[in-house]
Structure formats: C-alpha cells, structure tokens
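Report on the structure given below.
The values are calculated or read from the model by the stated rules, or taken from the named source; none is laboratory data. These numbers were taken from a predicted model, which means no experiment stands behind them. A quick note on method: Cβ atoms are made from the backbone with ideal geometry, for glycine too, and the neighbour counts reach across all protein chains shown.
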Amino acid sequence: MTFDIATDLALVGRLLVAAVLGAVIGIEREIHDHPAGVRTHLLVALGSALFTVLSIVGFPSEDGTATDPSRVAAQIVTGIGFLGAGAILKYGPSVRGLTTAASLWAAAGIGMAAGAGLPFLGLATTVIVVLSLWPLRVLRERLEVATPGRLHVAVQVHDAARLTDLFEWLAERQVDIVHFDSERDQDGRHSLDLVLALPANLDRDRLRADLSGLDWLMLGDVGHQKE
C-alpha cells in the first residue's frame, strides 16, 4: 500500500468528524450526569470510524482492490452491545442507563458513517440523537406528570438503606415508579426525583401527606411540577 499524504489527511478528517459528532452526544449525557459522557461517546465514535476506515482501505486484496468492508461493520454493531450493557444499571426497582446504552450504539453508527465518508449522514443522525435525548426528554417528563394518577415528587433520604425502605413503602401502597433519578451528595444523602403512578384508591394529596409524615424522609419541592 503506497503512502499518499492527501489520502491520509482525508481519512484523518473522517476520524475528526466522528470524534466531534460523538462528543456532541456525550456532552448531553455529561450535562445530565449519566454513566457514559463526552470521552466515552467520543471514543466509541472514533473507534468505529477507525475500524470502518481500516475495513475500506487497510486490507486490500492481492489484486489491489479492497476486501468486503461489511464484515468489520457487522462486528462493530455486535461488539458495541457489550459496552452498552455496561451502562445499564439496576437501581432499586428501576433500571437506569438504557438510553445511554442506546446513545452509545448510535454513536458507533455515527462513527461508521463518518469513517465511510458520509459526514452529512453522521451529522443528521447526531442532530436527531441530541434532539431525542434533550427536548424529547423534557416533553416526555411533562407528559408523564400531566397524566391522571401521576405524582411528581422530590425526596431526600440520609441513608442508602432507607432507599429500600422507601421502595417497599411505595410497593405496600401499590404505587409504581414511572420515572426515577437520583443524586448523592458528599455527605451521603440521596436526593430522588420520582414520578409515581397512583392506584385508583389513592389521591395525590393523601400520598404527599403520607410521605411528609415519614421521619426518615424529607419531601422537597419540584420547581417544574405541573399537576
């Protein structure tokens, strides 16, 4: 394989496009404090682009033509599933990280598009992914809260063991957790943002009052709550 500086620079440009587009998705995940952030998404997109470029130009056949690049692409699609599975966490009664795993999978596809020399396809996909992660997330949360029989609350517990107590307390009252976000501060306190689905025999005011009566839990205020 002959060395061609112009060709090599063009291929490096593909890698840079993939890295930038992957980082854009990672920034959104980083802002919302998800397991995989800027560096992870950037590396996934960059690695996928590199494998794609190598599959196209790195392994020519004896007659000088490139071998079938789809073989490497298929392995990327399969292999990225293992990385995505690592971002999925079981936390109490909820599973977190599914969206982040999906964004990693999409970042791999974006990297493949950039590596194959289709930057506009990669850019369009990046825009769609970011829109689905950010504006559509806000819309989904508003629809969840506006649904009859839903309660949006923010609570704080001082001990991780109390999380299990809270989940069991809700389960005893047949209250389902529709949406669940949590943060832990330096003092070990857990702040939870919950969207709860109430049974027909339990109204919002009653459940809120019952939560306020728990001496091991602090009920907070949800600024964007719309009921």
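Considering (1) loosely packed, with under 14 Cβ neighbours inside 10 Å; (2) in contact with a helix residue (DSSP H, G or I) (Cβ under 7 Å, 6 or more places away or on another chain), say which one His179 fails and leave the rest. It is condition (1) that His179 fails.
Yes/no per residue for (1) surrounded by 17 or more Cβ atoms within 10 Å (Cβ to Cβ); (2) closer than 30 Å to Val44 by Cβ; (3) at pLDDT below 80; (4) out of contact with any Phe, Trp or Tyr (no Cβ under 8 Å at 6 or more places or on another chain):
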{"residue": "Thr99", "(1), (2), (3), (4)": "no, yes, yes, yes"}
{"residue": "Gly122", "(1), (2), (3), (4)": "yes, yes, no, yes"}
{"residue": "Val129", "(1), (2), (3), (4)": "yes, yes, no, yes"}
{"residue": "Glu141", "(1), (2), (3), (4)": "yes, yes, yes, yes"}
{"residue": "His152", "(1), (2), (3), (4)": "yes, no, no, yes"}
{"residue": "Val155", "(1), (2), (3), (4)": "yes, no, no, yes"}
{"residue": "Ala160", "(1), (2), (3), (4)": "no, no, yes, yes"}
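Please give the strands (runs of 3 or more DSSP E) falling wholly within region 151-227 in which 2 or more residues are more than 28 Å from Leu139 (Cβ to Cβ). Qualifying strands (runs of 3 or more DSSP E): 217-219. Restricting region 11-25 to residues that are of a type in the set (Gly, Ala, Ser) and touching a residue at least 60 places away in the same chain (Cβ under 8 Å), the residue that is surrounded by the most Cβ atoms within 10 Å (Cβ to Cβ) is Gly22.
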